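I have placed the structure first, in the form of structure tokens, so that the comments after it can refer back to it.
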Amino acid sequence: MSDLVVTASSGNTVNLRIRPSTSASIIGRVPTKTKVQLVEKTSTDWYKVKYEGLTGYMMAKFLKTDSKISQEDLRDVYNQLKETLVLIEKILE
């Protein structure tokens with residue numbers, strides 16, 4: 001299972017439903033910027049997800065992959081590359 005992040009162009013939550021339909025009962029409301037676990041891509045419009053013990057359906061347009069890299073991770077990669085370049089320069093001297 002992979003993690004997805006809940007997004008919305010307006011509002012603070014996205015509905016988690018019992019079935020993949022806008023007319024299906026809502027079993028929970030998931031805050032935006034929250035991670036959910038992808039269980040299954042049931043169609044191009046709906047994904048089955050897990051959130052805090054609940055399993056339900058969310059519209060795919062409100063979910064995106066969590067590909068954001070933190071500043072701390074970027075700094076670590078930069079420092080490792082910098083150290084590697086220093087070692088290469090010493091070898092080439």
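Among the criteria (1) loosely packed, with under 13 Cβ neighbours inside 10 Å; (2) modelled with pLDDT of 85 or more; (3) more than 16 Å from PRO31 (Cα to Cα), the one GLU52 does not fulfil is (3). In this structure, does THR7 turn out to be under 13 Å from the mean Cα position of the chain (by Cα) and of a type in the set (Ser, Thr, Tyr)? In short, yes. The residues of the stretch 58-77 that are of a type outside the set (Val, Ile, Thr), more than 22 Å from VAL39 (Cβ to Cβ) and either at pLDDT 95 or above or part of a helix (DSSP H, G or I) (or both), listed by number, are GLN71, GLU72, ASP73, LEU74, ARG75, ASP76.
Output the residues belonging to the stretch 32-52 that are over 11 Å from LEU16 (Cβ atoms) and either over 12 Å from the mean Cα position of the chain (by Cα) or among the basic types (Lys, Arg) (or both). If the condition is that a residue be over 11 Å from LEU16 (Cβ atoms) and either over 12 Å from the mean Cα position of the chain (by Cα) or among the basic types (Lys, Arg) (or both), then LYS33, LYS35, VAL39, GLU40, LYS41, THR42, SER43, THR44, ASP45, TRP46 are the ones that fit.
The values are calculated or read from the model by the stated rules, or taken from the named source; none is laboratory data. Predicted, not measured: the structure shown is a model, and the values here were computed from it. So basically every Cβ, Gly included, is an ideal-geometry build from the backbone, and we count neighbours across all protein chains shown.
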